[in-house]
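A.B. asks: One structure coming up, written as structure tokens, with questions to follow.
Bear in mind these aren't lab numbers, they're just calculated from the coordinates by the rules spelled out. What you see is a predicted model, and the numbers here were worked out from it, not measured in a lab. Positions of Cβ are generated from backbone atoms using ideal geometry, with glycine treated the same way; all protein chains shown enter the neighbour counts.
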Amino acid sequence: MTSYLLDTNIILRFTDTHSKEYEITKNAIFQILLQGGQCFITSQVLIEFWVVATHPVTVNGLGWTVEETEEAVQMLINQFEWLEETPDIFRLWFSLATTHKISGKRTHDICIQAVTLAHNISHILTLNPKDFVEIEGITIIHPNRINS
């Protein structure tokens, strides 16, 4: 059984039916589940989701109200399995960030990889595979590769 951590850009598109990537993300998630795989979310991904969902459309957000965003987050929590924060995550993140010389926005992505390692998740589903560094034991996959 293959396990996937869903990146923030995946859950953003999955909840925004007006997004041009809605269908590809929805189909990829459904395909994973149909094949007996599991999809996971984390608090970091949901926090990043909240930021983008409540940000104005004029600055690349969804422009949702707090109430709309809360409803979407509740749906995601109910639909996908939750990975708890553990003390190992920070230690893994720190090691990965220093080993791979991570700075700036990529810090968030390396943290997602630390969560993946801490919970023995094998894959990260993302629309931006190049945002992640290559780490043994983690496969970074674009929804196109699942849908093909």
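A.B. asks: Just give me the residues in segment 125-139 being surrounded by fewer than 21 Cβ atoms within 10 Å (Cβ to Cβ) and either touching a Phe, Trp or Tyr at 6+ places or on another chain (Cβ under 9 Å) or in contact (Cβ under 8 Å) with a residue 12 or more places away in the chain (or both), in sequence order.
C.D. replies: Within segment 125-139, L127, N128, P129, D131, F132, V133, I135, G137, I138, T139 meet the criteria.
A.B. asks: Cβ-Cβ below 8 Å, separation at least six or inter-chain, first residue in segment 1-25 and under 17 Å from N60 (Cβ atoms) and touching a residue at least 12 places away in the same chain (Cβ under 8 Å), second among the hydroxyl-bearing types (S, T, Y) and crowded, with 17+ Cβ neighbours inside 10 Å: which pairs?
C.D. replies: From segment 1-25, the pairs are D7/T126; N9/T126; I10/T25; I10/T126; R13/T25.
A.B. asks: Return the residues of segment 53-74 that are in contact with a Ser or Thr (Cβ under 7 Å, 6 or more places away or on another chain) and part of a helix (DSSP H, G or I); say none if nothing qualifies.
C.D. replies: Passing the criteria: A53, T54, V66, T69, A72.
A.B. asks: Pick from S103, S122: which is in contact with a Ser or Thr (Cβ under 8 Å, 6 or more places away or on another chain), of a type in the set (S, T, Y) and either over 15 Å from E48 (Cα atoms) or surrounded by fewer than 13 Cβ atoms within 10 Å (Cβ to Cβ) (or both)?
C.D. replies: Working: S103 fails: in contact with a Ser or Thr (Cβ under 8 Å, 6 or more places away or on another chain).
Exactly one of S103, S122 is in contact with a Ser or Thr (Cβ under 8 Å, 6 or more places away or on another chain), of a type in the set (S, T, Y) and either over 15 Å from E48 (Cα atoms) or surrounded by fewer than 13 Cβ atoms within 10 Å (Cβ to Cβ) (or both), namely S122.
A.B. asks: So, one more: Does T99 satisfy the criteria of being touching a residue at least 12 places away in the same chain (Cβ under 8 Å) and among the hydroxyl-bearing types (S, T, Y)? Show your work before the answer.
C.D. replies: Numbers: touching a residue at least 12 places away in the same chain (Cβ under 8 Å): no; among the hydroxyl-bearing types (S, T, Y): yes.
In short, no.
A.B. asks: Also, I was wondering about something else. Need the failing condition index for I102 against (1) among the β-branched types (V, I, T); (2) more than 16 Å from T2 (Cβ to Cβ); (3) within 16 Å of the chain's Cα centre (by Cα), just the number.
C.D. replies: Unmet condition: (3).
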